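Asker: Before I ask anything, here is the structure I am working with.
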Amino acid sequence: MEQYFIIDFDSTFTQVEALDELARISLKNHPDREKIYKQIEDLTNASMEGKLSFTQSLENRVKLLQANRGHLALLINHLKKKVSVSFARNTIFFKNHADEVLIVSGGFKEFITPVVTEYHIKKENIYANTFVFDEDGNIIGYDTANPLSQEGGKVKLLKELDLKGEIFGIGDGYSDFQLKESGMIKKFFAFTENIERKSVAEKADHVTPSFDEFLYINKLPRAISYPKNRIKCLVIGNVDEEAIAQMKKEGYNIRVKDRIEDKYLEEAGIIFCDEEHQPSPVQLQNAGRLKAIGIFGKINSKKLAEVACENGVIIFDDPKHNPHNDDFIPKRVMAFMNEGKTHTSCNFPDLQPPRVNNAHRLIHIHKNLPGILAKINEVFARHQINIVAEFLVTNAQIGYVITDVNTGYDTSVLNELKAIEHTIKFRLLY
């Protein structure tokens, strides 16, 4: 059965509401701009939460804009920089499913089309409103005959399209939920990466904090193997808010606690802590999911570094108390989580592999014993998997191997790699 993916634009494909942003451009020099901005934002939110009809909201917002074609050009450039992070990194999905992805929005084609077509989305699969201009290029209205300009417009459009197959809806607003309410789509996913509207999320089949989560649940091709929103970052002690904000922006599930407890360690994938709140070597034995520790200060014992390494946990610290460690530590942790880079770690051998496109990256951490690399490569050879690039570094405790391989292999290979004797940790990075 065919599958179709109905994706909203404002606050879903992009991080912002485009008409709100257009107002900030077109009314930049207006003496009452702040008052009008607030009016437009209130109208947007009332409509998205189902408190005001979409028709009323759209009509009133367009009247307040005072915009022209020149303002639209500026808006397009702005929106291209505001594509939602998890959408931007998943161009492989849009390329592979170009015929099945539809952008359906109450926004306007004039600014939506230039943004989404850069992600392999076909022009004929973009459904949105269109502006009406006067002879001087000023926006004076919109096509009111377009069903998307009307209340329940997405439902009306879908009835007209009469798609045959399973339909999934992804969006942040009430008009997206109406597709589910109408019974026309199989599942509605409330997208909360940019904004969470509780009245919408409560009615969704699934709340998806990122597009990665949607792709993961539905076993679709994606840029990263495991959604970052499922990885908990435990924050203990005096950690700068900017560092936490960077991790939150990256998509990690942040948990701020006063002290380290086993129940928190058991579920943590990352720990951020200050010098006074470092986990003990004994505590690390209860941290089976832990991959990285970022210490905002100096690591307090050689034993902690050794035990972490033995358990496949990388540590980045800042012995010089760099005033920019709120930026330094998150970047090092993210470089490891995203690409496997270990540079500046205090307990792992140094490796800075270049990113390889059109390949899967596998990380294998094992005890530093002879013959393990040969066993890894024997698995690839037996399954006729082509190795694009391979990197091995060691220290006294561990061997750290990154292998980039061609896509299209049987996933049972991953279980074989995990099962190699003396394996400490193994993961598919992307």
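Asker: The conditions are (1) within 14 Å of the chain's Cα centre (by Cα); (2) within 30 Å of residue 277 (Cβ to Cβ); (3) at pLDDT below 95, and residue 195 fails exactly one of them. Which is it?
Answerer: Residue 195 satisfies every listed condition except (2).
Asker: Please work out if residue 318 is of a type in the set (Asp, Glu) and part of a helix (DSSP H, G or I). Spell out how you get there, then give the answer.
Answerer: Details: of a type in the set (Asp, Glu): yes; part of a helix (DSSP H, G or I): no.
For residue 318, the condition - of a type in the set (Asp, Glu) and part of a helix (DSSP H, G or I) - is not met.
Asker: Let me ask something else about it. How many residues, within the stretch 143-153, are outside any loop (DSSP other than H, G, I, E, B) and of a type in the set (Ser, Thr, Tyr)?
Answerer: If we filter the stretch 143-153 for residues that are outside any loop (DSSP other than H, G, I, E, B), which is where we start, we get 147-149, 153.
Among the residues that remain, those that are also of a type in the set (Ser, Thr, Tyr) are: 149.
Total satisfying the criteria: 1.
Asker: For residue 378, only one of the following conditions fails: (1) assigned to a helix (DSSP H, G or I); (2) of a type in the set (Asp, Glu); (3) in the same structural domain as residue 275 (by TED's automatic domain parsing). What is its number?
Answerer: Looking at each condition in turn, residue 378 falls short on (3).
Asker: For the stretch 251-267, enumerate the residues that are within 25 Å of residue 321 (Cα to Cα), surrounded by 17 or more Cβ atoms within 10 Å (Cβ to Cβ) and within 20 Å of the chain's Cα centre (by Cα).
Answerer: 252
Asker: Condition test on residue 401, is it crowded, with 16+ Cβ neighbours inside 10 Å, part of a helix (DSSP H, G or I) and touching a strand residue (DSSP E or B) at 6+ places or on another chain (Cβ under 7 Å)?
Answerer: Spelling it out, it is not the case that residue 401 is crowded, with 16+ Cβ neighbours inside 10 Å, part of a helix (DSSP H, G or I) and touching a strand residue (DSSP E or B) at 6+ places or on another chain (Cβ under 7 Å).
Asker: Which helices (runs of 4 or more DSSP H) sit wholly inside the stretch 4-75 and have at least 1 residues that are assigned by TED's automatic domain parsing to the domain that holds residue 142, of a type in the set (Phe, Trp, Tyr) and farther than 24 Å from residue 125 by Cα?
Answerer: Of the helices (runs of 4 or more DSSP H) lying wholly inside the stretch 4-75, those with at least 1 residues that are assigned by TED's automatic domain parsing to the domain that holds residue 142, of a type in the set (Phe, Trp, Tyr) and farther than 24 Å from residue 125 by Cα span 33-48.
Asker: So residue 326 clears everything in (1) assigned to a helix (DSSP H, G or I); (2) in contact with a strand residue (DSSP E or B) (Cβ under 6 Å, 6 or more places away or on another chain) except one condition, right? Which one?
Answerer: (2)
Asker: For the stretch 363-395, how many residues are touching a Pro at 6+ places or on another chain (Cβ under 8 Å) and within 23 Å of residue 225 (Cα to Cα)?
Answerer: 2
Asker: Okay, moving on. Would you confirm, using the coordinates I've provided, whether residue 20 is touching a helix residue (DSSP H, G or I) at 6+ places or on another chain (Cβ under 8 Å), under 17 Å from residue 118 (Cα atoms) and touching a residue at least 12 places away in the same chain (Cβ under 8 Å)? Outline the logic, then answer.
Answerer: Numbers: touching a helix residue (DSSP H, G or I) at 6+ places or on another chain (Cβ under 8 Å): yes; under 17 Å from residue 118 (Cα atoms): no; touching a residue at least 12 places away in the same chain (Cβ under 8 Å): yes.
When the stated conditions are applied, residue 20 does not pass them.
Asker: If residue 366 satisfies every condition in (1) at pLDDT 95 or above; (2) more than 30 Å from residue 220 (Cβ to Cβ); (3) surrounded by fewer than 16 Cβ atoms within 10 Å (Cβ to Cβ) but one, which is the exception?
Answerer: All conditions pass for residue 366, except number (3).
Asker: Please find, among 215, 148, 163, 179, the residue that is within 17 Å of the chain's Cα centre (by Cα), under 25 Å from residue 93 (Cβ atoms) and of a type in the set (A, V, I, L, M). So that I can check it myself, show each step before the final result.
Answerer: Values: 148 fails: within 17 Å of the chain's Cα centre (by Cα); 163 fails: within 17 Å of the chain's Cα centre (by Cα); 179 fails: within 17 Å of the chain's Cα centre (by Cα).
Just one listed residue meets the conditions, 215.
Asker: Right, something else. Does the stretch 28-44 contain any residue that is surrounded by fewer than 16 Cβ atoms within 10 Å (Cβ to Cβ), under 25 Å from residue 200 (Cα atoms) and over 31 Å from the mean Cα position of the chain (by Cα)?
Answerer: No: zero hits.
Asker: Is it the case that some residue within the stretch 88-96 is among the basic types (Lys, Arg), over 24 Å from residue 173 (Cα atoms) and under 28 Å from the mean Cα position of the chain (by Cα)?
Answerer: Yes, there is a match, as at least one residue in the stretch 88-96 is among the basic types (Lys, Arg), over 24 Å from residue 173 (Cα atoms) and under 28 Å from the mean Cα position of the chain (by Cα).
Asker: Right, something else. Of all residues in the stretch 137-153, count the ones that are free of Cβ contacts under 8 Å to residues at least 24 places away in the same chain and in contact with a strand residue (DSSP E or B) (Cβ under 7 Å, 6 or more places away or on another chain). Give the steps one after another, and end with the answer.
Answerer: Our first condition is that a residue be free of Cβ contacts under 8 Å to residues at least 24 places away in the same chain; within the stretch 137-153, this holds for 140, 143-147.
In the following step, the residues that additionally are in contact with a strand residue (DSSP E or B) (Cβ under 7 Å, 6 or more places away or on another chain) were identified as 140, 143, 146.
Summing the residues that are free of Cβ contacts under 8 Å to residues at least 24 places away in the same chain and in contact with a strand residue (DSSP E or B) (Cβ under 7 Å, 6 or more places away or on another chain) in the stretch 137-153 gives 3.
Asker: Just the residues that are part of a helix (DSSP H, G or I), under 22 Å from residue 407 (Cα atoms) and among the basic types (Lys, Arg), please, taken from the stretch 329-375.
Answerer: Once the filter is applied, which keeps residues that are part of a helix (DSSP H, G or I), under 22 Å from residue 407 (Cα atoms) and among the basic types (Lys, Arg), the stretch 329-375 yields only 375.
Asker: Okay, next question. Would you check if residue 341 is surrounded by 14 or more Cβ atoms within 10 Å (Cβ to Cβ), under 28 Å from residue 232 (Cα atoms) and modelled with pLDDT of 95 or more? Walk me through how you get there before you give the answer.
Answerer: Numbers: surrounded by 14 or more Cβ atoms within 10 Å (Cβ to Cβ): yes; under 28 Å from residue 232 (Cα atoms): yes; modelled with pLDDT of 95 or more: yes.
Spelling it out, residue 341 is indeed surrounded by 14 or more Cβ atoms within 10 Å (Cβ to Cβ), under 28 Å from residue 232 (Cα atoms) and modelled with pLDDT of 95 or more.
Asker: Kindly list, by first and then second residue, each pair from a residue in the stretch 104-131 that is at positive phi to a residue that is in a helix (DSSP H, G or I) and of a type outside the set (Asp, Glu), limited to pairs with Cβ atoms under 8 Å and residues at least 6 apart or on different chains.
Answerer: Listed by first residue and then by second, the contacts come to 120/91; 120/94; 120/95.
Asker: Further, regarding this structure: Which of the residues that make up the stretch 104-141 are surrounded by fewer than 18 Cβ atoms within 10 Å (Cβ to Cβ), within 14 Å of residue 58 (Cα to Cα) and in contact with a Phe, Trp or Tyr (Cβ under 7 Å, 6 or more places away or on another chain)?
Answerer: Matches in the stretch 104-141: 130, 132, 140.
The values are calculated or read from the model by the stated rules, or taken from the named source; none is laboratory data. Since the model is a prediction, treat every value here as computed from it, not as a measurement. Note: ideal-geometry Cβ built from the backbone for every residue, glycine included; neighbour counts use all protein chains shown.
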